[in-house]
1. Quick one: which of F221, F227 is modelled with pLDDT of 95 or more and surrounded by 15 or more Cβ atoms within 10 Å (Cβ to Cβ)?
2. Return the residue satisfying two criteria in turn: it lies in segment 77-113 and is assigned to a strand (DSSP E or B), hydroxyl-bearing (S, T, Y) and more than 24 Å from G124 (Cα to Cα), and of such residues it is modelled with the lowest pLDDT.
3. Among the listed residues S91, S107, S80, identify the single one that is closer than 25 Å to Y256 by Cβ, among the hydroxyl-bearing types (S, T, Y) and out of contact with any Ser or Thr (no Cβ under 8 Å at 6 or more places or on another chain).
4. Quick check: anything in segment 293-300 under 19 Å from the mean Cα position of the chain (by Cα) and either aromatic (F, W, Y) or surrounded by 15 or more Cβ atoms within 10 Å (Cβ to Cβ) (or both)?
5. Given (1) at pLDDT 95 or above; (2) surrounded by fewer than 14 Cβ atoms within 10 Å (Cβ to Cβ), where does G128 come up short, assuming only one miss?
6. Within segment 163-170, identify whether any single residue is of a type in the set (F, W, Y) and more than 17 Å from D280 (Cα to Cα), and answer yes or no.
7. Name every residue in segment 156-175 that is farther than 19 Å from A222 by Cα, surrounded by fewer than 22 Cβ atoms within 10 Å (Cβ to Cβ) and in contact with a Gly (Cβ under 9 Å, 6 or more places away or on another chain), in order of residue number.
Amino acid sequence: MKKILFMVALLSSLTVLAQDETVKNLKKDSERQINKDPNDTTTKTWKMGGFIGLNAAQGSLSNWAAGGDKFSLALNGNLSTYAFYKKNKHSWDNTLDINLGYMNTTSLGSRKNDDRIDLVSKYGYAIGEKWNAGALFNFRSQMFKGYTYDNDGNRTFSSNFLSPAYVLLSPGLEWKPNKDFSVFLSPATVRWTIVRNDSLSSVGAYGVDTGRHAKTEFGAFASLNYFKEVNKMFSYRSRLDLYANYLEKPKNVDLYWTNMINMKLTKYLTLTYSLDMIYDDDVRLFGANNESPAAQIKSMLGLGFLVKF
C-alpha cells in the first residue's frame, strides 16, 4: 500500500512538473517574435495605380488700360494609369494616358488645347541581368474634333477620333540599367497610320494615299523612358519615341517626346508642368499653304488638384 501511495505521489509530481514546463514553453512561444524567412515570401505579380489631375485658370479684365481679353478660362484634365506584371523572368508593363484641355477667351472663343489618348503595352522576357527580349504595342489618337486656325481666326477641320490614329507593333530588345530608366530598340517595326474620316482621307491627310484610310510603314524604332520620384513632393516623367521609315525618307526621323513635372504643394494641390514635342514628316498642315511639316510644341503650366490611387 505504501508503494502504491508512493507511486501515485511520484506520478502526480511529474505531471505537475510537466504542466509547469508546458506553461513556460507556451509563454515563451507567445512572447517570441516571428521573423519570416526572406526566401519564403510571396511577391505581388501585379502592381497597379495612377493619378487623376485637374487644372483650372480663370481671368477677367474690366477697363484695363494695357488691354487683353475681358474673360479667359482654361480647364485641363489628365488621367494616367499603369498596370505592371512581374513573375520570374516574365514582365508585362501597361500604361494609359488620357489628356483633355479646353479654353475660352473673349477674342478667340472656345477652343480645344489638349486631346490625347496614349496606350503602351510592353512584354519582356529576361535574358540577362539588365536585358529583356520582347515586344511593344502602342496606340495613339484623340477623342474629339480638332481644328487649325489662321491669323484671322478662321478654322479648318484637321482631326478627329481615329483621324489620325497611330498603331505600332515592335519586337525588340530592352535595356534597363536601373528602375528609373529603360531603352527599347527594334530594327523591324510595323506602324499603321489610320485616317477614318472621309474628308481627311480624300485629301491624303497624314501621309495616307488619297482616298485611302490607312498607310503601312516598316522601319526602325527606339523608345527611351525615364521616371524619377525624387521624393513624395516631386516627380519627373519623360518618354522619347523615335521612328524611321525604311520605305520612304528614312533620314526624316519622326519624333514624339513627352515630359511632365509634378510638384506636390499640399495633400491634393499640385503644380504641374508639361512639355510635348512632335515632329512627323507626314503631317503637312503648316507653312504658307498648309503643306509643310513642322515641329509641334505644346507647353502647359497649371495649378490644380491631383489624386493618386
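1. F221
2. T105
3. Going through S91, S107, S80 in turn, the sole match is S91.
4. yes
5. The one condition G128 does not meet is (1).
6. Looking through segment 163-170, none of the residues is of a type in the set (F, W, Y) and more than 17 Å from D280 (Cα to Cα).
7. Residues satisfying the conditions are F157, S158, N160.
For every residue, the table says whether it meets (1) under 30 Å from K215 (Cβ atoms); (2) of a type in the set (A, V, I, L, M); (3) surrounded by 15 or more Cβ atoms within 10 Å (Cβ to Cβ).
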position: M233; (1), (2), (3): no, yes, no
position: D241; (1), (2), (3): yes, no, yes
position: L247; (1), (2), (3): yes, yes, no
position: V253; (1), (2), (3): yes, yes, yes
position: W257; (1), (2), (3): yes, no, yes
position: L271; (1), (2), (3): no, yes, yes
position: M277; (1), (2), (3): yes, yes, yes
position: D280; (1), (2), (3): yes, no, yes
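The values are calculated or read from the model by the stated rules, or taken from the named source; none is laboratory data. Just so we're clear, the structure is a prediction, and the values are computed from it rather than from any experiment. No Cβ is skipped: glycine too gets one built from the backbone with ideal geometry, and neighbour counts run over all protein chains shown.
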